[in-house]
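Written out below as structure tokens is the structure these notes cover.
The values are calculated or read from the model by the stated rules, or taken from the named source; none is laboratory data. Since the structure is predicted, the reported quantities are computational estimates derived from the model, not experimental observations. With ideal geometry, Cβ positions are generated from the backbone for all residues, glycine too; neighbour counts draw on all protein chains shown. For the accessible areas, the whole protein counts, side chains as well, though only heavy atoms, and no ligand, DNA or RNA atoms are used. Shrake-Rupley method; radii C 1.70, N 1.55, O 1.52, S 1.80 Å.
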Amino acid sequence: MATVARVALLLLAGLVALASGQVDEVLKWQRVDYDVPAEVLQRENGYIPIGNIPMGAVHHKNRVFVAVARRRWGIPSTLNVVDLSPPFPNTNVILKPYPNFALNELRADLQPDANRIVTVYRPRVDRCDRLWFVDTGMMEIPGNFTVVQRPSVWSIDLNTNEPIHRFEIPKEAVETGYGLTSITLDVDPSDCEKVFVYISDLQTYRMVVYDYANRRAWRFLHNYFFLNPLEGDYLIQGINFAWDDGIFSIALGNPDPVTKFRTAYFHALSSNSEFTVSTSVLRNETASQRSWHGTDFQLLGYRGSKSQSSIHAFDPETGVIFFALIQQNAILCWDSNKPFAPQNMAIVYKNDRDIVYPNDLSIDQNGYVWFMTNSIIKLLYTQLNLDEFNFFVWRANIKQIIKGTVCDPASPPNVNSAQRFGDENNSDRVTFFEFKDKYGPGGGPYGGWGHGNGPNRPGRRP
């Protein structure tokens, strides 16, 4: 009975957190507009508002860097910046190409150009004031997927706003850039030149590792990178559909005080499970060539029914990991010092009205968790109304939002053992649906981001 009472109190604390205004709505847009030359907007396919969907947002020193992937015609700039100006929310703020328009502008002939970027998804900032991202090098236009150039890893000095590094990922590590939609940075605590970049490849179910110091890249293949076929069905905004996205997000724990290696937590999008591997394995290029990895990769446990997560991130100060839950329109937390089980997790924010596919989440250097939603489900499967607010960025003080919940390091765990698999009723096992996407040419009002021009092509890729 005491355990039940404690759970009830922690749940109540979580509900109070939801209602107490601890989450700030920082940015919101009805549609995305750009600070680019007028002639660019007037070109054919120069700017088509309906196709401009923000895919990533990361905060650094009063600026938010916003990525808009080129998955339709009419996207003037893929990497952009917004200067924040209280009071919040800032509404319909114009995106400024970052670091400049020249880097973001495509060549008219779509030929490779090492001085330009094509498509960026989710940039990240490191402790050394650098912005890192992957340029997939691809135009992911329905019926016209185009490999413009090889995928590459970039970094930009945020103090000078100048690009300082570009590495072209070799074909041995990845065939094309399609599916390289999130990166995680492993920076040495005392040496900014020692960096490993971990890139999830949701398309081919692999993890790409880039060793910045030695300018080498390799990839790992493991069964844990695949989707769970019983957890690839979704019900969002009353719409049933199926996605087969594999490894989607990688979060890093703090360095071990002795070995200096970190635990990498990872999951596929279409899965309710979490897995781990030591960065001592990932940093080992020779290990990537093994056909069998023994017990190096581990099942951590089960998050709960309908807990598919896009991006998650680790807070180094509290040891708490935050998950963006796409089916629950919510942000979930878990204290990594407690057993991994649904009873030891808490929803710290839920918004069924405005959270429609939380597509990005990150933690800044000031103790805030930031997360974005982009309403991509509406574009893919119903209709995106540009007269409504569609894209949001929120932030929350981590210590405040977890206070009193089971995620608070001061709170005891609700259970003392991890839950490895689903509940006894298999409540997350749902019936498969074949939902056909609506086709929309160019920047038309409907979905059609799938591979082809026919009316029965399924939607594809968050």
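Based on the mean of other beta carbon atoms within 10 Å per residue, what is the order of 109-118, 236-245, most packed first? Could you put the intermediate results ahead of the total?
On the way: 109-118: 14.8, 236-245: 16.4.
Answer by packing, highest mean first, reads 236-245, 109-118.
Towards the positive end of the charge dipole of segment 24-402, with charges on Cβ (+1 Lys, Arg; -1 Asp, Glu), say which of MET139, ALA264, PHE88 has the farthest Cα.
About the Cα centre, the residue reaching furthest to the positive side is ALA264.
If you only keep lysine pairs separated by 8 or more in sequence, or across chains, how many in the chain come under 16 Å at the Cα atoms? Don't jump to the answer; show the numbers that get you there.
On the way: LYS28/LYS96; LYS194/LYS260; LYS306/LYS350; LYS338/LYS403; LYS378/LYS436; LYS378/LYS438.
Close lysine pairs found across the chain: 6.
Could you state how much accessible area ARG31 has, in square angstrom rounded to the nearest 10, with a 1.4 Å probe and all protein chains kept in place?
Its heavy atoms expose roughly 90 Å² to the probe.
Please report Rg (one decimal) and Dmax (integer) in Å for the Cα set of segment 24-402.
Every Cα atom of segment 24-402 included, Rg and Dmax give 19.4, 59 Å.
With +1 on the Cβ of every Lys and Arg and -1 on the Cβ of every Asp and Glu, and nothing else charged, how large is the dipole of the chain about its Cα centre, in debye rounded to the nearest 20? Provide the component values of the computation, followed by the final result.
Numbers: 44 positive and 48 negative charges, 61 e Å.
That gives the chain a dipole magnitude of about 300 debye.
Starting at the first residue of segment 396-407, write each ³J(HN,Hα) from the Karplus equation 6.51 cos²θ - 1.76 cosθ + 1.60 with θ = phi - 60°, in whole Hz, x for Gly and Pro.
8, 5, 5, 5, 6, 6, 9, 4, x, 8, 5, 7
Given a Förster distance of 35 angstrom, what is the FRET efficiency for CYS128 paired with LEU230, based on the Cβ-Cβ distance and rounded to 0.05?
Details: r = 42 Å, r/R0 = 1.20.
It comes to 0.25.
Label point 7 Å out from ALA38 along Cα-to-Cβ: which residues of segment 74-95 have amide N under 12 Å?
Once the point is set 7 Å along Cα→Cβ of ALA38, nothing inside segment 74-95 turns out to lie under 12 Å by backbone N.
Over the chain, what is the relative contact order in percent, taking alpha-carbon pairs closer than 8 angstrom and at least six residues apart?
Working: 1179 pairs, mean separation 67.4, N = 462.
That works out to 15 percent.
In deg cm²/dmol, rounded to 500, what helix-only [θ] at 222 nm does the chain give when every DSSP H run of at least 4 residues adds -39500 (n - 2.57) and the total is split over its residues?
Details: 6 runs with 42 residues, N = 462.
Mean residue ellipticity at 222 nm (helix-derived): -2500 deg cm²/dmol.
Sort THR286, THR276, THR78 by accessible area with a 1.4 Å probe, largest first.
Details: THR286 95, THR276 20, THR78 0 Å².
Most to least solvent-accessible, the answer reads THR286, THR276, THR78.
Could you compute the FRET efficiency for ASP113 and ARG31, with r as their C-beta to C-beta distance and R0 at 41 Å, rounded to 0.05? Could the numbers behind the result be given before it?
Numbers: r = 28 Å, r/R0 = 0.69.
Plugging the Cβ-Cβ distance into 1/(1 + (r/R0)^6) gives 0.90.
Return one whole number: the accessible area per residue of the chain in Å², for a 1.4 Å probe. Write out the running numbers ahead of the final one.
Details: 18270 Å² over 462 residues.
Per-residue value: 40 Å².
Where the accessible area of the chain is counted over protein heavy atoms with a 1.4 Å probe, how much of it, in %, is carbon and sulfur?
On the way: 9200 of 18270 Å².
On the chain, the fraction of accessible area on carbon and sulfur atoms equals 50 percent.
Under 20 Å from the 7 Å Cα→Cβ point of THR146, by amide nitrogen: which residues of segment 110-136?
Counting only backbone N, you get 110-121, 135-136.
Hey, how many Å between the Cα centroid of segment 329-396 and the Cα centroid of segment 49-80?
17 Å
In what sequence, highest mean first, do 146-159, 292-305 appear when ranked by Cβ atoms within 10 angstrom? Intermediate values should be presented prior to the final figure.
On the way: 146-159: 19.2, 292-305: 15.9.
My ranking of the peptides, most packed first, is 146-159, 292-305.
Apply the Karplus curve 6.51 cos²θ - 1.76 cosθ + 1.60, θ = phi - 60°, to the phi angles in segment 294-303 and return the couplings in whole Hz, x for Gly and Pro.
With the stated coefficients, segment 294-303 comes to x, 9, 5, 9, 10, 7, 7, x, 10, 7 Hz.
Got a number for the accessible area of CYS333? Probe 1.4 Å, square angstrom, nearest 10.
The accessible area comes out at roughly 0 Å².
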